[in-house]
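Heads up: the structure comes next, in structure tokens.
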Amino acid sequence: MKTFRIFILIIFSNLLISESEIEFSLNSDSIWRGITQNNGKPTVGANVYFSLENGFFSGAWIENCCSENSSYPNREIGYEFGYQKNLNEEIYFSVNYVGTNYPNSKLNNYDEIKTNIAFFNFYISYFIGLNSFPDYYEISYNYDFKNISLYLSYGDFDSYKNDYFSNGSNYAFGINTLQKGFSISLDYYFYNAKASSDLDDDGLVFSISKKTSF
């Protein structure tokens with residue numbers, strides 16, 4: 001609760017002196033670290049982001065994901081706040097606190113500290129799990145050509161609370177383009193479970209989103 005109050009305070013202070021934007025999205029599925037969260041069903045979401053000139057930032061999001069069956073939470077709400085330092089146009093690093101919450105299934109809530117390093121279109125992210133939540137790392141590369149962006153990524157995650165389904169690595173690649181103010185992407189993901197190949201999964205995800213500054 002203390003962390004959430006700090007986050008609210010940051011949002012209200014940012015409203016006065018920051019650049020702000022809100023984004024709405026429609027996705028054919030919700031993929032989290034290579035694992036489908038919505039069993040191939042469409043999801044809608046929104047996120048809001050605030051940034052200061054001195055590098056501090058905060059944000060929040062909501063999505064109707066994670067409803068594989070009636071025992072799963074049916075929406076996800078999250079928030080983050082942190083600091084980013086730009087060394088030049090090609091290199092920067094950031095560190096932020098991320099809280100992910102499920103209002104109707106609080107046992108699934110988790111918090112992480114995220115560190116990110118970007119250099120010449122390479123990105124390395126490491127999530128430090130809090131309260132026994134496992135760590136996660138991801139490496140990705142982006143290639144931009146005019147209004148088209150291509151990416152490749154690899155990530156690895158250990159099991160959480162003996163849930164061996166979540167224990168595995170994931171690979172993904174996709175294409176994103178900006179058309180008439182809309183961001184459109186098509187991604188392929190593959191999940192390689194460490195416990196059993198029967199848990200492997202792959203698929204295509206289509207997304208369209210619209211971002212607006214305010």
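The values are calculated or read from the model by the stated rules, or taken from the named source; none is laboratory data. Just so we're clear, the structure is a prediction, and the values are computed from it rather than from any experiment. Virtual Cβ from ideal backbone geometry, glycine too; neighbours counted across all protein chains shown.
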Legend entry - Number of positions in the stretch 151-162 that are surrounded by 15 or more Cβ atoms within 10 Å (Cβ to Cβ) and either more than 17 Å from the chain's Cα centre (by Cα) or part of a loop (DSSP other than H, G, I, E, B) (or both): 2
Inset, instruction - Select from the stretch 165-205 the residues that are surrounded by 14 or more Cβ atoms within 10 Å (Cβ to Cβ) and of a type in the set (Phe, Trp, Tyr) and list them in ascending order. - result: Phe165, Tyr171, Phe173, Tyr189, Phe190, Tyr191
Legend entry - Output for the stretch 87-120, where each listed residue is buried (at least 17 other Cβ atoms within 10 Å of the Cβ), more than 13 Å from the chain's Cα centre (by Cα) and more than 19 Å from Tyr160 (Cα to Cα): Ser94, Ala118
Inset, instruction - Within the stretch 154-199, track down each residue that is acidic (Asp, Glu), over 18 Å from Phe133 (Cα atoms) and free of Cβ contacts under 8 Å to residues at least 24 places away in the same chain. - result: Asp198
Inset, instruction - Would you be able to say whether some residue in the stretch 66-75 is in a strand (DSSP E or B) and within 18 Å of the chain's Cα centre (by Cα)? - result: no
Legend entry - Checklist (1) modelled with pLDDT of 95 or more; (2) over 14 Å from the mean Cα position of the chain (by Cα); (3) buried (at least 18 other Cβ atoms within 10 Å of the Cβ); (4) aliphatic (A, V, I, L, M) applied to Ile10, failing item: (1)
Inset, instruction - Filter the stretch 88-141 down to the residues that are outside any strand (DSSP E or B), more than 19 Å from Gln37 (Cα to Cα) and not acidic (Asp, Glu), then identify the one that is modelled with the lowest pLDDT. - result: Ser132
Inset, instruction - Output the residues belonging to the stretch 59-73 that are within 19 Å of Ser25 (Cα to Cα) and either at pLDDT below 75 or buried (at least 20 other Cβ atoms within 10 Å of the Cβ) (or both). - result: Gly59, Cys65, Cys66, Ser67
